[in-house]
Amino acid sequence: MDASVPAALRCARCGGAVDGTLHTRSGYVVGYYVLHTGSTEEAAVRRRDDEAPITYRRVLQPLDVVSCPRCFAAPEVRRLWLAFGDQP
Ligand SMILES: [Zn+2]
């Protein structure tokens, strides 16, 4: 197997294999959508002692969520994208 070819990506919802964006003479077809997310926790950073700390979300475990274009239109996938992968 050629190491330069990444393993086939699969849709997280339907499990179907997805292809890269397909370019045609009249335009292109999006093959899949990827959400870069992961579990996060609140963390604080203080740049100087006399400054208020800045809180931010620190990514603990990066995770890529893949969706095929068909599932991307599904309401629960839309919600997942808008919530950056935070599952209730
Ligand atoms: Zn799908």
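The values are calculated or read from the model by the stated rules, or taken from the named source; none is laboratory data. Note that the structure is a prediction, hence the values are computed from the model and not measured. As a convention, Cβ positions derive from the backbone with ideal geometry for all residues, glycine included, and neighbour counts pool all protein chains shown.
Do you know which of the residues in the stretch 79-88 that are exposed (fewer than 13 other Cβ atoms within 10 Å of the Cβ) and assigned to a helix (DSSP H, G or I) is modelled with the highest pLDDT?
Restricting to residues being exposed (fewer than 13 other Cβ atoms within 10 Å of the Cβ) and assigned to a helix (DSSP H, G or I), the top hit is R79.
Give the residue, chosen from H36, H23, that is at pLDDT below 85, surrounded by fewer than 10 Cβ atoms within 10 Å (Cβ to Cβ) and not polar (S, T, N, Q). So that I can check it myself, show each step before the final result.
Working: H36 fails: surrounded by fewer than 10 Cβ atoms within 10 Å (Cβ to Cβ).
Answer to the check: H23.
From the set of residues in the stretch 59-78 that are over 18 Å from C11 (Cβ atoms) and loosely packed, with under 13 Cβ neighbours inside 10 Å, which is nearest to the chain's Cα centre (by Cα)? Working first, answer last.
Let us first name the residues in the stretch 59-78 that are over 18 Å from C11 (Cβ atoms), namely 59-62.
Filter again for loosely packed, with under 13 Cβ neighbours inside 10 Å, leaving 60-62.
Working: L60: 15, Q61: 12, P62: 9 Å.
Result: P62.
Report every pair of residues separated by at least 6 positions or lying on different chains whose Cβ atoms are under 6 Å apart, first residue within the stretch 3-24 and among the β-branched types (V, I, T), second at pLDDT 80 or above and outside any strand (DSSP E or B).
The qualifying pairs are V18/C11; V18/G31; V18/Y32; V18/C68; T21/V30; T21/G31.
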